[in-house]
Amino acid sequence: MLIELRSVLFVFINMSHYDNINIKMDDNALKQVPKFKYLGSICTEDGKNKEGIIHRIKEAKVMFNNKKQLLCSNNLSVEMKKKLIKSCTWSVALYGSETWTLGKNEKRVVNAFET
């Protein structure tokens, strides 16, 4: 397996007592960053998921707004609208949610989106 070193980043989670960690691959230093996106999730230094949750909710709102004309029309039954919202909007919002660690603030953000 070949790894392109230009694209390798790393984040140390909850390592605030270390300012900078030096990791090398083949004498090339890897870049330490405060956050990065991996498989649609945002990994941050503090190990919290709030930024990723907010990002997923924004993506779901964009999806809803893209389908707003259809979802707000009188041509569809309420049941069909519910199915469309569940399959389109909620799937976007909850993508990766099985890995989220929710604190009080994160629960509040998710609950606010639900209502």
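Does the range 35-54 hold any residues that are closer than 21 Å to Phe113 by Cβ, surrounded by 13 or more Cβ atoms within 10 Å (Cβ to Cβ) and in contact with a Gly (Cβ under 9 Å, 6 or more places away or on another chain), and which are they?
Ser41, Ile42, Thr44, Lys48, Asn49, Lys50, Gly52
Report, by residue number, each residue of the range 88-98 that is hydroxyl-bearing (Ser, Thr, Tyr) and free of Cβ contacts under 8 Å to residues at least 24 places away in the same chain.
Ser91
Please go through the range 45-81 and give me each residue that is under 18 Å from Lys35 (Cα atoms), of a type outside the set (A, V, I, L, M), in contact (Cβ under 8 Å) with a residue 24 or more places away in the chain and assigned to a helix (DSSP H, G or I), ordered by number.
Of everything in the range 45-81, those that are under 18 Å from Lys35 (Cα atoms), of a type outside the set (A, V, I, L, M), in contact (Cβ under 8 Å) with a residue 24 or more places away in the chain and assigned to a helix (DSSP H, G or I) turn out to be Lys50, Gly52, Arg56.
Hey, any hits in the range 45-56 for a residue that's acidic (Asp, Glu), at pLDDT 75 or above and farther than 23 Å from Lys104 by Cβ?
No, the range 45-56 contains no residue that is acidic (Asp, Glu), at pLDDT 75 or above and farther than 23 Å from Lys104 by Cβ.
Among the residues in the range 70-78, are any over 29 Å from Arg108 (Cβ atoms), at pLDDT 80 or above, surrounded by 12 or more Cβ atoms within 10 Å (Cβ to Cβ) and among the hydrophobic types (A, V, I, L, M, F, W, C)?
yes
Being within 16 Å of Leu102 (Cβ to Cβ) and not hydrophobic (A, V, I, L, M, F, W, C) is the filter here; which residues of the range 22-54 pass it?
Scanning the range 22-54 gives Ser41, Thr44, Asp46, Gly47, Lys48, Asn49, Lys50, Glu51, Gly52.
Inside the range 82-101, can you point out the residues that are of a type outside the set (Val, Ile, Thr) and within 19 Å of Tyr38 (Cα to Cα)?
Once the filter is applied, which keeps residues that are of a type outside the set (Val, Ile, Thr) and within 19 Å of Tyr38 (Cα to Cα), the range 82-101 yields Ser91, Ala93, Leu94, Tyr95, Gly96, Ser97, Glu98, Trp100.
Name the pairs whose Cβ atoms lie under 7 Å apart, with the first residue in the range 99-115 and over 10 Å from Lys50 (Cα atoms), the second among the hydrophobic types (A, V, I, L, M, F, W, C) and assigned to a helix (DSSP H, G or I), and 6 or more positions between them or separate chains?
Phe113/Ile57; Phe113/Ala93
In the range 82-110, how many residues are of a type outside the set (Gly, Ala, Ser), outside any loop (DSSP other than H, G, I, E, B) and surrounded by 10 or more Cβ atoms within 10 Å (Cβ to Cβ)?
Matching residues across the range 82-110 total 15.
The values are calculated or read from the model by the stated rules, or taken from the named source; none is laboratory data. Since the model is a prediction, treat every value here as computed from it, not as a measurement. Methodologically, a virtual Cβ is constructed for each residue, glycine included, from the backbone with ideal geometry; neighbour enumeration extends over all protein chains shown.
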